[in-house]
Amino acid sequence: MPGFLRQRPVRLRLALIYSGLFLLAGAALLTVTYGLAANTLPTGPSGNLSAKAVQLVNSGKYPSLEICRETAASPQAAEKCKQEATQAAAKLAAEVAANARAQTLNDLLDYSLAALALMTVVSAVLGWIVAGRALRPVHAITAAARRASEQNLSERIALAGPADELKELADTFDAMLARLEAAFASQRRFVANASHELRTPLAVMRAAIDVTLAKPERTPEQLEAMAAEVRQATEQAERLVEALLTLARSDRGQGSRSALDVAVFAEDALDAAAPAIKASSLRVTSALVPAPAVGDPVLVERLVANLIDNAVRHNIADGWVKVSTGDSDGMAFISVANGGPVIEETEVASLFEPFRRLCPHQGPGAPSGVGLGLSIVQSVVTAHHGHVTARPQAGGGLAVLVLLPASR
């Protein structure tokens, strides 16, 4: 019990508050009732009591009057004695009335205090019961929180009842568990996909080395072919690791903040993509207006490079790419649109998921990549408190618009 009291549970505090409030209200009501009774009861003898005293004196049954009549020498003395006897009777009646009034007030006070004490105890017990029923949803929330873990996030409270504060708290907790479950599921999928993507180039390198070493007589041409294949797989693994590191850095939030120009990054990215643009015979249209912003230069540079690389990589021969930058409504923007395969409206949101590719099955004509380009864009935009939207083009392809906070 001492340990229980030291914890000061909410249920005990609510019960004490209920009983304390009842005690204060009962004390106030008792004070008002006692005051009204004290003012209502007469302080002296009532008219009926005084009349009975006089009637008793006149009836000749009052002992003092009989003595007056027997000892009085004259009628005047007898009358004076009668008046004195009447006054004595009235005084006695006043004393009786005062005693009755005091006794009545004392009885009222004693009974009221006893009833108040009893009802205070009853209110404490009822307060304990009511507080327990009111806090029952809180216990359910606590139990669900204890049962929840990384492997068990499917627990839900599903509290029924009126739409009060406790139901709102329970619904908020259920929504939080749902978000956590989705986040952990996404993380598990990400880890599984990352492991698969990293395992693929390693398997290619090992297979190339094993096949070459299994030949009894290896020619220089075979060794060069094996080295080229291993180099290509190594570059793929390097791109994947670099993309994962960038994604992890952007998920932690932006680092050092400084002024930057998104248009400069777009121009550099177009220059870097010039060989791929030339190889695919793409028509590039650019309108690079200065777009000053504030953020992490490394992450923003990677964001712009991913947008342009994605537009070039997922395109068609003799296709087109449009890039524009600028400043609008206090936000720096970059818009990248490209031609390419037709994309359904329902597939656009999934393109920002990690390892999501337009062409999941790699083939001779399929675009290369690890499927993290737009995921990194989304993560960098979130870290900079910006906004990104994407919409499919009518004739095929995708248009992506990124808004970043502009520098003042």
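Tabulated results
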read-out: Test for residue 285: is it of a type in the set (Ser, Thr, Tyr) and either over 25 Å from residue 374 (Cβ atoms) or outside any helix (DSSP H, G or I) (or both); value: yes
read-out: Some residue of the stretch 164-179 being touching a Lys or Arg at 6+ places or on another chain (Cβ under 7 Å), surrounded by 15 or more Cβ atoms within 10 Å (Cβ to Cβ), closer than 30 Å to residue 355 by Cβ and at pLDDT 80 or above; value: yes
read-out: Unmet requirement for residue 39, which otherwise passes all of (1) at pLDDT below 70; (2) part of a helix (DSSP H, G or I); value: (1)
read-out: Matching residues in the stretch 127-163 - criterion: being surrounded by 16 or more Cβ atoms within 10 Å (Cβ to Cβ) and closer than 19 Å to residue 18 by Cβ; value: 127, 128, 131, 135, 137
read-out: Residue list for the stretch 175-206, restricted to those being of a type in the set (Asp, Glu) and touching a residue at least 40 places away in the same chain (Cβ under 8 Å); value: 197
read-out: Residue 227 vs. criteria out of contact with any strand residue (DSSP E or B) (no Cβ under 8 Å at 6 or more places or on another chain) and more than 21 Å from residue 334 (Cβ to Cβ); value: yes
read-out: Those residues of the stretch 275-325 which are over 18 Å from residue 260 (Cα atoms), within 41 Å of the chain's Cα centre (by Cα) and among the hydroxyl-bearing types (Ser, Thr, Tyr), in sequence order; value: none
read-out: Residues (modelled with pLDDT of 90 or more, buried (at least 20 other Cβ atoms within 10 Å of the Cβ) and out of contact with any helix residue (DSSP H, G or I) (no Cβ under 7 Å at 6 or more places or on another chain)) located in the stretch 278-313; value: 311
read-out: Meets criteria (under 13 Å from residue 14 (Cβ atoms) and without any contact (Cβ under 8 Å) to a residue 24 or more places away in the chain) for residue 156; value: no
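The values are calculated or read from the model by the stated rules, or taken from the named source; none is laboratory data. None of the values given here were measured: they were computed from a predicted structure. Cβ: placed from backbone, ideal geometry, glycine included. Neighbour counts: every protein chain shown.
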